[in-house]
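> Handing you this structure, nothing more for now.
Bear in mind these aren't lab numbers, they're just calculated from the coordinates by the rules spelled out. Note that the coordinates shown come from a computational prediction; the quantities given were computed from them, not determined experimentally. Counting neighbours? That spans all protein chains shown, and the Cβs are built from the backbone with ideal geometry, glycine included.
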Amino acid sequence: HGSYCVNFHDREHIENYKHPFPNPCRFTPYHCSLHEQFILGKNSRSLSDEINQHCLNLAHVCVFGRNCTDNDPLHWEKYIHVPRSLCSYGDRCKKLLEEDHLNSFTHPNIRDIRLLCKYADECCDRHKAKHLTKFRHIITLEDSGIVRYYNLNQNIDFVQNQKDTVERVRRYVQKEKWEPLLSESIPQEIINWIRAVRPVHRCRPELFESILLHGHVMSRDYMDQLKDPVFVATSVFQHRELHQIKYLKEKQCSKDAKEYIQALVIEEFEKAHPKDRTIADTTKLDKKSYEAYNSKSRNELIKNKEVLLSDILSKSEMQIVKTKAIEIAQASIKLHANPAGIGHPPDKELGTNRNVFTILGPHLGHYYGDVFIVFKREILHHPDANFSIQAATSYASGNCFKLRPWLGSPLASKEERIKFFHKSKLHAAIPGYEYATALELIALTSFESKKKSMNIDLATILKCWLARDAHQSIEAHLPQLIPLDYIDRIYMSQNIFDLLNSRTREFINTTFKHRIIKTSHVIELDRDGGTFGPKPNSKIRQEYQDFVLKHIMDKYDQLDINSISRPIQGTIITIPATDFNDPFVLPLTISQAYRQYKIDHPQISNDATVYIYWQTMNGDMMLTLANEQIGTDEQQPNLRCLICYIAEKPATKDVHYHENVSYLHSGRPFQ
């Protein structure tokens, strides 16, 4: 293959065969910083000897590949020209705004290896074709906040739920003789809107302040556990700023820090309690733990641990540990004194108290608060997420049957209604979820407006949406702990921002510099949330809500699915290191996917090949295919697995570049 050889990183191949180029650079094609400087330099004489010598001695992959027009013999002597697959659409391609497509196929007048954009995933020009066809954007660590997995969707068959949702609407339309969909297809604008819309959360300023301190948006259940100082201490230790302190990863230092943090947290809880009662009387802290931390011994322990930790951690790192422990303890006490959310009793029975509540679209729940938090779309694809048409509580109460008669006759018992709720949940990772969601939205809009037609456009859907209470829209139930990384945008009035303490304001301006919009509306700070309904009682709050919702909706309109550089499909999860002991179950199994595929392709053979597409950012993980769900608490003698291990991503700044082995293995997961 000569200059077009693709096996240039295969050491055995390079040693066994002669090639027209010198030994390849280990970091080519994407990670050689010297070559990056070389191709950006307009004059090789202005570059350092190190750069010039490196590019003369070692071969690199040509950024233009098969489209290279450089006739310089020296270029063909020093470069490898990888013949990537040609895009069959050429310069008529409609996927020039998709990173993965540009990274995979050759197009006319576009480099195979585009220049590296210094702003990476934070770049504001990624929706512009001119910019994206010139620059590539790596996924940065900012996108890698860990959203912990709690298997909240255990035993939910989303494929069956989706199938039942579609069939219920179709049966009702046929029975009531509604005008059916033209050509049996849903308008693409509705499908695109569902694919691009983001979950929106609303809260009060004091809760928002607590969210920033904890470093997470939290579920009601998680906040309830903040009554326990031991739980709070664990929460402190998991804070992102503490994770960045490398010595806290060492076993003994970690143990000392945990004991130090726990003592500081208990001290704050003790201060906040009446003198005649101890925290052991009013919290989950057992007597033995409390006795070990009575006031005198606790102060001694704090001093001792400070001395020990100060020998290991820097002064600034010690300050971070101490400040975060005290601040989060105080925020937890304050939060417990004034808990957030509406807190409907059925939430616990429904299991939604373990989720962060959001509306998938414009959020008119003014009674939750005036701070709007718009999440990134990725969070909707987490295995613990799901969404329902209308609020979960409308299923528990039975109201959903009145508002959507295609659901059938009202169920008699609350237990049956709660089961029905779980059988009505949908998930964005399941192929076809957009169609099922669109059918429900069209039917709901048509029923409300008494049109008896399924031919409804997006404008009509949104008009009706804005006239109803938030509980009658799409309620998205997100994972119970969401890192700040997943916040796409924040909206608040300037006077609410001014109400926050100075440290919080400084943190917001630093962390959310380009992601916060402060409006000039002067919101009444002493008003209660108001009654249910789409509009708040206060005129100024109405104007504020209308302004924010218009801004959010305009942003959704701009986010056509074809303008998203990395279209989001399937399941997305960032997982912590677990030593491969904890399996994470995805919301779609192979058998469910096969069953779903057979609906549209009934003639498919039983021995058809199944393709599983997946990507990993940093590697050192396993994808396990099993004939039954893997459990860690019981023997499974009939368990059979195919394990695909992807090695850790190699360090690209180390002189001694080394790649570990990835492999396939048929056997048991813990062998």
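> Applying a 10 Å radius around every beta-carbon, put 426-436, 635-645, 38-48 in order of their mean neighbour count, most first.
Output ranking for 426-436, 635-645, 38-48: 426-436, 635-645, 38-48.
> So what is the relative contact order of the chain, in percent, for Cα pairs below 8 Å that sit 6 or more residues apart?
Relative contact order here is 17 percent.
> So, one more: For the range 173-197 and the range 299-339, compute the distance between their C-alpha centroids and round to whole Å.
If we compute the Cα centre of each part, the gap is 55 Å.
> For the range 607-671 and the range 469-488, what is the separation of their C-alpha centers, rounded to whole Å?
Between the Cα centre of the range 607-671 and that of the range 469-488, the gap is 31 Å.
> From the backbone phi of the range 604-619, what are the Karplus-calculated ³J(HN,Hα) couplings (6.51 cos²θ - 1.76 cosθ + 1.60, θ = phi - 60°) in whole Hz, Gly and Pro given as x?
Using θ = phi - 60°, the values come out as 4, 6, 5, 9, 5, 7, 10, 9, 10, 9, 8, 10, 10, 7, 10, x Hz.
> To continue, here is another question. From the phi angles alone, apply the Karplus equation (6.51, -1.76, 1.60; θ = phi - 60°) to the range 372-386 and give each ³J(HN,Hα) in whole Hz, x where the residue is Gly or Pro.
For the range 372-386, the Karplus curve yields 9, 10, 9, 8, 5, 4, 3, 5, 6, 9, 6, x, 8, 8, 6 Hz.
> Could you tell me the relative contact order of the range 2-80? Use alpha-carbon pairs under 8 Å, at least six residues apart, and round to a whole percent.
With pairs under 8 Å counted, the relative contact order is 36 percent.
> May I pose another question? Among residues other than T106 whose Cβ falls under 9 Å from its Cβ, what is the net charge (Lys/Arg +1, Asp/Glu -1)?
Local net charge: +1.
> Going highest first, how would you order 208-219, 492-503, 242-253 by mean Cβ packing within 10 Å?
Most protected by this proxy first, the peptides run 208-219, 492-503, 242-253.
> Now, a different point. Between I516 and residues 5 or more places away or on another chain, which pairs have amide H atoms under 5 Å apart, with H built 1.01 Å from N, and which residues are they?
Here I490 satisfy the definition.
> Can you tell which of G2, C124, T165 lies farthest toward the positive end of the dipole of the chain, using +1 and -1 charges on the Cβ of basic and acidic side chains (Lys, Arg; Asp, Glu)?
Sorting the options by dipole projection puts first T165.
> Any idea how far apart Q53 and L664 come out in nm if each label point goes 7 Å out from Cα toward Cβ?
Between Q53 and L664, the label points sit 4.5 nm apart.
> Let me ask you something else. Evaluate Rg over Rh across the range 307-425, taking Cα atoms for both radii and Kirkwood's formula for Rh.
1.16
> Rounding to the nearest 20 debye, state how big the charge dipole of the range 305-387 is about its Cα centre with +1 on each Lys and Arg Cβ and -1 on each Asp and Glu Cβ.
Approximately 80 debye in magnitude.
> Mind ordering 64-76, 228-240, 450-462 by average Cβ neighbours within 10 Å, highest first?
Ranked from most to least packed, the peptides come out as 228-240, 450-462, 64-76.
> To the nearest 20 Debye, how big is the dipole of the chain about its Cα centre, given +1 on the beta carbon of each Lys and Arg and -1 on that of each Asp and Glu?
1220
> Between the range 1-59 and the range 206-275, how many Å separate their Cα centres?
Answer, in whole Å: 50.
> Take every DSSP beta bridge with both residues inside the chain and express the antiparallel ones as a percent of the total, to the nearest 5.
Among the beta bridges of the chain, antiparallel pairing accounts for roughly 75 percent.
> While we're looking at this one, here's another question. Bin all alpha-carbon pair distances of the range 590-669 at 5 Å intervals from 0 and give each bin's fraction as a whole percent.
Answer for the range 590-669: a P(r) of 3, 11, 16, 16, 16, 15, 11, 6, 4, 2, 1, 0 percent.
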